[in-house]
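I have placed the structure first, in the form of C-alpha cells, so that the comments after it can refer back to it.
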Amino acid sequence: QVQLVQSEGGLVQPGGSLRLSCATSGFTFSSFGMRWYRQAPEKQREFIAHISNDGATIYADSVKGRFTISRDNAKNTVFLQMNNLQPEDTAVYYCARSASNYWGQGTQVTVSS
C-alpha cells in the first residue's frame, strides 16, 4: 500500500534551518509529482511547494527564496529544506503525493526563541 513517512521536525530558533524528509513506498515514486503543505494553529492547510516528476518546482510566495523542495528518485524520498525560518513558519508540515489523497503523518515545526 502507499505510504508516506515523514521525518521528525523540531524546535528551531528564528533564522535557523531545518530539513524535512518524506520517504515513500507502494508506488512508482519517479512517476509522480510530490507536494508539501503546512497547517498553522487555527488556520487552513496551506500549499507550500510542488516538485514534478521531472524536477520542476513551484513555491508559494510565503516561502519562495527560503524553502527548497527536492527529490531523490533512487531513495523514493522528497525533501523540504527550510532556511531563514521565522515564527510564522510554525505549523504542522505534511508531504503529499500530487493528484491524490495520500498524505504523510505530519511533522511539527516550531520556530521560537
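The values are calculated or read from the model by the stated rules, or taken from the named source; none is laboratory data. Just so it is clear, the structure is predicted and the values come from calculations on it, not from any experiment. Glycine gets a Cβ as well: all are built from the backbone with ideal geometry, and neighbour counts include every protein chain shown. Each accessible area value is taken on the protein alone, full model and side chains, heavy atoms only, with ligands, DNA and RNA left out. Shrake-Rupley method; radii C 1.70, N 1.55, O 1.52, S 1.80 Å.
The selection criterion, being within 26 Å of residue 13 (Cα to Cα), assigned to a strand (DSSP E or B) and at pLDDT 95 or above, does not hold for residue 62.
Within region 9-18, take every residue that is outside any strand (DSSP E or B) and at pLDDT 95 or above and give me the one that is nearest to residue 88 (Cα to Cα). Checking each candidate, the answer is 14.
Across region 85-109, the qualifying residues are those that are surrounded by fewer than 14 Cβ atoms within 10 Å (Cβ to Cβ) and touching a Ser or Thr at 6+ places or on another chain (Cβ under 9 Å), and the one among them that is nearest to residue 26 (Cα to Cα) is 98. Mind listing whichever residues of region 19-50 are part of a helix (DSSP H, G or I) and either open to solvent by less than 60 Å² (accessible area, probe 1.4 Å) or touching a residue at least 60 places away in the same chain (Cβ under 8 Å) (or both)? The answer is 29, 30. Restricting region 56-76 to residues that are crowded, with 20+ Cβ neighbours inside 10 Å and β-branched (Val, Ile, Thr), the residue that is nearest to residue 33 (Cα to Cα) is 69. For residue 53, the conditions (1) buried (at least 21 other Cβ atoms within 10 Å of the Cβ); (2) touching a helix residue (DSSP H, G or I) at 6+ places or on another chain (Cβ under 8 Å); (3) polar (S, T, N, Q) are fulfilled apart from (1).
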